Each structure stands twice: as structure tokens, then as C-alpha cells.
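Below you'll find the structure, written out as C-alpha cells, and then a few comments.
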Amino acid sequence: MKSAEEIQYAMETYADMVRRICFVHLKNRDGTEDVFQNVYMKYMLYEGMFESREHEKAWFARVTINACKDMLRYFSRRKWVSLDVIAEEKEALDDTSAEVLDVVLKLPEKYRNVIYLYYYEGYSAAEIAGILGRKENTVYTWLARAKVLLREKLGGEWA
């Protein structure tokens with residue numbers, strides 16, 4: 001079990017990233033908080049050692065993505081989302097951000113993951129390949145395809 005200092009460090013360092021990954025996948029605050037708690041519970045109970053801080057960060061990203069997938073599988077059996085929750089999430093963003101978020105959230109999961117990890121977390125394609133367990137060239141292909149989809153849906157240029 002992790003010490004209080006290790007848990008405190010992880011909370012200060014990775015909490016924002018974990019919440020953002022959750023929100024990108026789950027699209028609601030309640031699910032985000034549930035997964036957030038589960039991820040930190042797994043961390044607290046994790047017995048292994050990390051090779052470096054980057055390895056630890058990648059572990060958090062991978063565990064968070066997997067926990068979101070698990071929750072989505074669970075919710076796929078229950079096909080409802082409160083309209084209040086959807087409205088609440090959209091109100092927090094300006095019009096441009098809301099439009100971009102809508103398009104990113106509608107991307108297929110593999111594209112959504114690489115876009116998030118590349119642009120929001122600053123991972124390189126090689127690091128994303130390691131996190132997702134894919135080849136580096138596959139990540140480059142997914143990034144290119146995701147950019148094309150975003151460009152088509154948003155119109156104009158998008159880097």
C-alpha cells in the first residue's frame with residue numbers, strides 16, 4: 001500500500017489529467033468523479049514500483065482509460081443520460097470550446113484517445129504507443145485521421 005506522501009504527491013500531480021481523461025470519455029461529472037476515486041484506490045493498493053515519474057504518469061493514463069471503458073461497458077446496458085447532466089456540462093464552456101468538444105467527443109474512441117493524449121497531455125506518438133499498446137506508426141495514422149475528421153467537421157484548418 002502506498003504511503004500518505006506518495007498518495008498526496010500523485011493527487012497533486014495527476015489529478016487534473018485523470019479528471020480530464022475521464023471527462024473526455026464519460027462526458028459527465030458524476031462518472032468522472034466515480035472513476036477518479038477508483039483510479040486513486042487502485043493506485044493506493046498498487047504494490048509495484050514505477051521506473052520513473054513518466055512511467056507513473058503513463059500508468060495513471062492507462063488505468064484511467066481502462067476504468068472509463070469499464071464504466072462505459074456498464075452504462076451501455078443502461079441507455080439513458082439525464083438531460084440535466086448534458087445541459088450542465090455544455091453551459092460551462094464558451095461556444096467555440098463547446099463546438100470543438102462536441103466534435104472531439106463524437107470521434108471514435110481510438111481517435112479521441114490519441115487526440116487527448118497528444119494535444120492535452122503532451123505525449124509523443126512513441127509514448128502514446130506505449131500507453132495504448134499499439135505501434136508508433138499506428139498512433140501517427142490515428143492522429144492524421146483524427147485531424148482530417150476534425151477538419152471536416154469543424155471546417156477550415158486545424159493543426
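Of the residues Met71, Met17, Met11, ranked by 1.4 Å probe accessible area with the largest first, the sequence reads Met11, Met71, Met17.
The accessible area of Leu117, taken with all protein chains in place and a 1.4 Å probe, comes to roughly 0 Å².
Identify the GluC sites (Glu not before Pro) of region 97-159 meeting these criteria: DSSP loop state and at most 10 other C-beta atoms within 10 Å of the C-beta. Within region 97-159, the qualifying GluC sites (Glu not before Pro) (loop, at most 10 other Cβ atoms within 10 Å) are Glu157.
What is the calculated FRET efficiency for Ala98 to Glu12, with r their C-beta to C-beta distance and R₀ = 35 Å, to the nearest 0.05? Calculated transfer efficiency: 0.75. Is the C-alpha gyration tensor of region 19-58 telling us rounded, prolate or oblate? Criteria: a/c under 1.5 is rounded; beyond that, a/b larger than b/c is prolate, otherwise oblate. Taking the square roots of the gyration eigenvalues as a ≥ b ≥ c, region 19-58 is oblate. Applying the criteria of a DSSP loop state and at most 10 other Cβ atoms within 10 Å to the GluC sites (Glu not before Pro) of region 12-72 yields Glu47, Glu51.
Near Ala58: Cβ cut-off under 11 Å, other residues only, Lys/Arg at +1 and Asp/Glu at -1. The net charge is -2.
Using θ = phi - 60° in the Karplus curve 6.51 cos²θ - 1.76 cosθ + 1.60, the 3J(HN,Hα) couplings for region 136-145 round to 4, 5, 5, 4, 4, 5, 4, 4, 4, 5 Hz; x is entered for Gly and Pro. Is there a pair in Lys27/Lys57; Lys42/Lys147; Lys57/Lys135; Lys57/Lys106 whose C-alpha atoms are over 28 Å apart, and which pairs would that be? Pairs exceeding 28 Å: Lys42/Lys147.
The values are calculated or read from the model by the stated rules, or taken from the named source; none is laboratory data. No experiment lies behind these values; they were computed from the predicted model shown. Using ideal geometry, Cβ is built from the backbone for each residue, glycine included, and neighbour counts are taken over all protein chains shown. The accessibility values were calculated without ligands, DNA or RNA, using every heavy atom of the protein model including side chains. Shrake-Rupley method; radii C 1.70, N 1.55, O 1.52, S 1.80 Å.
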